[in-house]
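Reading through the structure tokens given below for one structure.
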Amino acid sequence: MPLFGTKRDQRKHYVNIREKYDLRHELGAGAFSKVILAESKTRQGLLVAIKCIDKKLVKGKEESMQNEINVLSRLRHPNIVRLVETFEDKSNYYLVMDLVTGGELFDRIVAKGSYSERDASNLIRQVLDAVNYLHMNDIVHRDIKPENLLYQSPDPDSKIMISDFGLSKSVESDVMATACGTPGYVAPEVLAQQPYGKAVDVWSIGVIAYILLCGYPPFYDENDINLFAQIMRGEYEFDSPYWDEISESAKDFISHLMCVDPDHRYTCKEALAHPWISGDTASKKDIYTSVSEKLKRLTVRQQWKKAYHATAAVRMLQQLRISRDEAHVIDNRQKSPSHAVDESQLTTDSSKSNNKTDQLKIVESDGKLKSPAT
């Protein structure tokens, strides 16, 4: 049943949240909402996370919210955070979600103490399996990124969960046009403002796989235009010495996911069949030391980000409406032939990164980039 209906319907279905749940404490807050830990009064011991959305702050955005609810209500997968129920009162909308307590992807890896390609392969397999499920149900997430990959529990063998479906979309055809996503993880065709489809999620997974194996992102630049041009032309390297101990199978896997042409990019199903995921080619060698320090810096960089106004974000994307051929002539700075990433670049460049690049991701939901639909 839709959460948003006529005023008469809304009055009829008002619910006192405290009659159903014992509210504990706040887990986090965003621009339009806060998330509260709660315990069910009808199912003893059941802990949930309740997203409380202030009606006054989202007035006029009901359609976008209803889209998220419609998507979530359809999903039942072991690696996707489940929507338990929705209701409202005079002041707030409430989305009751499964509680996940294991923390974010990168934080867990840094805290592990040991880590291998095999671990990374297992993580990516779970993400691919969940996104393949979405795609089979004609849903595109459109904002796959590490912050939206959460561990279900603190247990060492906990599974990974995909969260935050605020930008997700149900699609009957494989073509969308709305520019949305998070810079660094967004696919080239989105930046080029070309029609796109499910392949955008696969690109994002490829970026995450790259970071999981070296600790730094495949695309980095202080200048917005240069960063986006790098992404649009697919300019990334398996830099030495950071990739010297990584298997050729892993590099081949990433190359198929981070293919600029979406028509030649792997589907989730094809990615799941790759030997690095389904076979025994992922190395068991411990790469924790080489990856963890860089992941720490990357995590710190993400934590200091602040909101960047949506109008400016959309305007910048429109200004960057350049073709892939034009992208090849942008950013003609002198670089070493290998484009290698040195330690100073990983520490200083990332910490001084231009706000517009890092924060180009907010419009109608917390922490996302989305331009008006075309």
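Assorted remarks:
- Built from the Cα atoms of segment 6-82, the convex hull projects on average onto 6.5 nm², one quarter of its surface area.
- Of LYS112/LYS284; LYS61/LYS90; LYS34/LYS198; LYS198/LYS284, pairs whose Cα-Cα distance is over 21 Å: LYS34/LYS198; LYS198/LYS284
- Computed over the alpha carbons of segment 99-195, Rg followed by Dmax gives 14.9, 45 Å.
- When CYS214, CYS268, CYS180 are sorted by how many other C-beta atoms sit within 10 angstrom of their C-beta, beginning with the fewest, the order is CYS214, CYS268, CYS180.
- Restricting the trypsin sites (Lys or Arg not before Pro) of segment 35-83 to loop positions (DSSP other than H, G, I, E, B) with no more than 11 neighbouring Cβ atoms within 10 Å leaves ARG43, LYS59, ARG76.
- Per the Cα gyration tensor, segment 1-145 maps to an equivalent ellipsoid with semi-axes of 31, 19, 14 Å, ordered largest to smallest.
- When the alpha carbon gyration tensor of segment 122-273 is reduced to an equivalent ellipsoid, its three semi-axes come out at 22, 21, 15 angstrom, largest first.
Any read-out appearing in this document is the output of simple, stated calculations on the displayed coordinates, not a laboratory observation. Everything quoted here is computed from the prediction, not taken from an experiment. Cβ sites come from the backbone with ideal geometry, for glycine too, and all protein chains shown count toward neighbours.
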